[in-house]
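Reading through the C-alpha cells given below for one structure.
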Amino acid sequence: MSIRSVFRRLATVLGALLATGAAWADPYLVGRGMADITGEAAEVGMMGYASTAQVAAGIHMRQRARAFIVADQASGKRMVFVNNDLGMVFQGVQQAVLKQLQAKYGSLYGADNVILSATHTHGGPGGFSHYALYNFTTWGYNPRTFSAIVSGIVLAIDKAHRDLKPGSVQIGKGELTNANNNRSLSAYQRNPQAERERWGTHIDPEMTLLRFKQGNTDVGVISWFATHGVSMSPTNRLISPDNKGYAAWRWEHNMKGVRYNADGDFVAAFAQSNAGDMTPNLHLDGTGPTSNEFNNTRIIGERQLQKALEIYNGALQTLSGPVDYRQRFVDFSRITVEGRFTDGATRATCPAAVGSAFAAGTEDGRGLDGFTEGDLARNPFFTALGGIITPAPQWVRDCQAPKPVLLATGTQTPYPWTPEVLPVSIVRIGQLAIVAAPGEFTIMSGRRVRDTVRAALGDRVQHIVFAGYANAYAGYVTTPEEYDAQHYEGASTHFGRWTLPAYQQTFHELATALKQGLSAYASATPRDLATKQMSFQTGVVLDNVPLFKRFGDVELQAYSGYARGQRVNVEFWTGHPKNNLRQGGTFLEVQRWDGAAWRTVANDGDWSTMYRWVRVDPVWGSSKAAISWDIPLDTVTGQYRIRHYGDYKNGWNGAIYGLSGTSRTFQVY
C-alpha cells in the first residue's frame, strides 16, 4: 500500500469520526409537529361540564394537537409526547391512535413510549369516549368528532417523525402563584399538617419547561402547570382551547409568526399537570380574575405565557443521558395495596363508583340542587334512583365507604360505564422523568406520586414532571384524607379510598423496573369498545335559505369603515357546519388588500375572530353564520373584507356542496 493510499484511508476514517462527533454533539434527535383536532362545531354536546344545555354553536379558536419526539442517538429509543386541546384523552382515542401508528410505523411507536395528554379544556365538542358515563350529556357517541381527534393526533406525530433532526432538550423551572387557586381547601387541609407545611402552600405553583432545539434553532417548548381549563364558563357554546390554548396561540402566532399552515412551525405546548383541585377561577365563585370569561381566559393564559417565557429565557439545564420508558395496563378495580403505601395495613381498591358529591359540583361551579359536597348522608331519592340505574352489591358500597355511592359505574353489564384497566407509564429523558397518569390528581396526590417515583429512581433523575389526563380517563384521584371529606373530587375518585396508594404502588414498580433495567410487570388487557357505540343524535337532514336568498349571501353587512379596537359583525346564509368540519381549514377569513391581492390576516383559529352558527328555522333548515372580528390595535390600516366558507346539504339528492360569501370592502383606520 502506498503512502498516498495510507493517508487517503486515514483521512476517510478521520472524516467519518468527525462527522460522527458532529452528529452526536447533539445527544438526541428532536422533532415537532402540530395539527388540527377540532370536531363538530354545532349541535353537539360539549365535554367537561356535563351540562346538556352546553351545546356547541361555533368556534372561537380551533383545538390542536402538539407533538414532540425525542430519540436517543446512542440507543435508538424514542419517546412521543402529544399535548392535546381536549377535555380528556379517552382510552378509545389512545387505542385508535396506536392502531394507526402501528399500521404506519410497525413497533416504533406504541403504548410504552407514546404519551397523549389533554389540557382539560371544557370548551370542546364531546361524545368521543367509548365509555357511557362520558357520553350521556352529549347524546351518545359522535364518530366524526372522534375521527377528527384521532386523525389530527396521528398527523401531528407524523409531522414530528418527519421533522426529526439532531438536537437538544433543556429544562428549567419556576413558580407561578397567580394563575390557580385551591377549590377544595377544606379537603386539602385534612392532609397531615407536617406534609402541608413541607410544601408551604395550598396551591401547586411549580412550572416545568422543556426547550427544544435542532442544532442552534429553537423549534418548540412544553410548559407543565396545574390549573383547570375552566376559564370559559358552562354557558360558553364556542369551541375554545381555554387558557392554555390562548397561551400557546400567543407564543406561536404573535411571537413566532405561526399561521398553522407549515410543517416547520414553532410549537408551543402548555400542558396539564396535577390540576384536580386547581382552578383558574381565583375568586372560587365561577369568576376570576374578572367576571368576563374571555378576559379570564386571556389573563390566565397570559400569566402562564409570561412565566414560561421567563423560564425559557433564563438559565436552563441541558438534558443528557438515555431515553427509556416503562408502561403497564393495570386493573385498578382489584389491586391489593401493600401497607407501606397505605396506613400500614394491606388494603384493596374497589370496582368504580361515584358518590353523591359527584352531582354537587365544585366550589367554583355548583352542580345539581339537592346535593352538597361533604354530605355523607345518602339522598334517599337519588340513592334509590341510582340503585335502580346502576345497582351495586353491598360489598362494593362497603368498600367505597365513606363514599355514599350514587352511581356504580364499574359493575354494569354488559360493559362498565367507566374503564378500570388503565395505562400508566414513566418516560425518562436523561435527568427528567415524566409520569403519565389517566386521571385528575389533586396537587397533594401528584406530590405523593412524584415523591414515590423520586425515591424509587434515586439519583438517576433530578426532575420529575406529573403529566395528568394522559392516555385514558377514569375520574379524579385524591389522597385518602381528602377522600374522607367527600367533596366533588373525592366523590369522583373511582376506585375507593385507596386509589392513590394503588397508583403509588404501581408507579413504584415501574420506576424500580426502569432503574434496574428490568421489564415491567405483565399488563392486564383493556377492552376495545370501538364497535359497541351508540348515538342518539340526528344528522343533518337538509339545509335551506329563505326565498330569494342564496347560500353565501350577506344578511348583515359590514360598515364602510372601522377604527382599530372596534368589532366588525357580518352574517351570511350558510349550511350546517357538520357537513364539513373543515379540519385543517377554516370557516372564515379576514383578508387585507395589499395593492396586488387579498391576503389572509386572520381565520377561525385566531383569538380576534368568532364564528357563531345560528339556527334560524329548524323546520325549513335555514341557518346563518355570524362572524365577528375584533380589530387588533396593531392592525395595519387599509382595505379589508371578511369571507365565509361553508357547506350545505341538498334536500333533493342528499349531496353536500361548498359555499362561500364575501362582505363588502371596509376601511380600517
**Prompt:** Out of Pro125, Pro143, which single residue is open to solvent by 40 Å² or more (accessible area, probe 1.4 Å) and out of contact with any Pro (no Cβ under 7 Å at 6 or more places or on another chain)?
**Reply:** Pro143
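Results for (1) of a type in the set (Phe, Trp, Tyr); (2) within 26 Å of Tyr488 (Cβ to Cβ); (3) not in a loop (DSSP other than H, G, I, E, B), shown as yes or no for each residue.
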| residue | (1), (2), (3) |
| --- | --- |
| Asn274 | no, yes, no |
| Asp285 | no, yes, no |
| Pro289 | no, yes, no |
| Thr297 | no, yes, yes |
| Ile300 | no, yes, yes |
| Leu305 | no, no, yes |
| Ala308 | no, no, yes |
| Ile311 | no, no, yes |
**Message:** What are the pairs with Cβ atoms under 9 angstrom where one residue, in segment 379-406, is among the aromatic types (Phe, Trp, Tyr) and the other, located anywhere, is surrounded by fewer than 20 Cβ atoms within 10 Å (Cβ to Cβ) and modelled with pLDDT under 95? Sequence gap at least six, or different chains.
**Reply:** Phe381/Gly370; Phe382/Leu368; Phe382/Gly370
**Request:** Could you list, in sequence order, all residues of segment 511-564 that are outside any loop (DSSP other than H, G, I, E, B), farther than 30 Å from Gly654 by Cβ and not aliphatic (A, V, I, L, M)?
**Result:** Thr512, Lys515, Gln516, Gly561, Tyr562
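Matching residues to (1) open to solvent by less than 10 Å² (accessible area, probe 1.4 Å); (2) in contact with a Pro (Cβ under 9 Å, 6 or more places away or on another chain); (3) hydrophobic (A, V, I, L, M, F, W, C):
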{"position": "Gly33", "(1), (2), (3)": "yes, no, no"}
{"position": "Thr38", "(1), (2), (3)": "yes, yes, no"}
{"position": "Glu43", "(1), (2), (3)": "no, yes, no"}
{"position": "Met47", "(1), (2), (3)": "no, yes, yes"}
{"position": "Gly58", "(1), (2), (3)": "yes, yes, no"}
{"position": "Arg64", "(1), (2), (3)": "no, yes, no"}
{"position": "Phe68", "(1), (2), (3)": "yes, no, yes"}
{"position": "Phe81", "(1), (2), (3)": "yes, no, yes"}
**Request:** Select from segment 571-610 the residues that are among the aliphatic types (A, V, I, L, M) and open to solvent by less than 40 Å² (accessible area, probe 1.4 Å) and write down the one among them that is nearest to Ser151 (Cα to Cα).
**Result:** Leu581
**Item:** Selection within segment 242-264 - open to solvent by less than 20 Å² (accessible area, probe 1.4 Å) and among the acidic types (Asp, Glu)
**Value:** Asp242, Glu252
**Message:** Just the residues that are in contact with a strand residue (DSSP E or B) (Cβ under 6 Å, 6 or more places away or on another chain) and open to solvent by 10 Å² or more (accessible area, probe 1.4 Å), please, taken from segment 482-512.
**Reply:** Tyr488, Trp498, Gln505
**Prompt:** Do we have Tyr105 as open to solvent by less than 10 Å² (accessible area, probe 1.4 Å), more than 22 Å from the chain's Cα centre (by Cα) and not hydrophobic (A, V, I, L, M, F, W, C) here?
**Reply:** no
**Wholly enclosed strands (runs of 3 or more DSSP E) of segment 607-669 bearing at least 1 residues closer than 27 Å to Asn236 by Cα and basic (Lys, Arg)** = 609-617, 622-630, 638-649
**Prompt:** Can you spot a residue in segment 426-441 that is more than 23 Å from the chain's Cα centre (by Cα), modelled with pLDDT of 95 or more and open to solvent by less than 40 Å² (accessible area, probe 1.4 Å)?
**Reply:** yes
**Prompt:** Of all residues in segment 520-549 being hydroxyl-bearing (Ser, Thr, Tyr) and in contact (Cβ under 8 Å) with a residue 24 or more places away in the chain, which is surrounded by the most Cβ atoms within 10 Å (Cβ to Cβ)?
**Reply:** Ser523
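The values are calculated or read from the model by the stated rules, or taken from the named source; none is laboratory data. Keep in mind that what you see is a predicted model, and the values were worked out from it rather than measured. Every residue, glycine among them, receives a Cβ derived from its backbone with ideal geometry; neighbour counts consider all protein chains shown. What goes into the accessible areas is simple: the full protein's heavy atoms, side chains included, and nothing from ligands, DNA or RNA. Shrake-Rupley method; radii C 1.70, N 1.55, O 1.52, S 1.80 Å.
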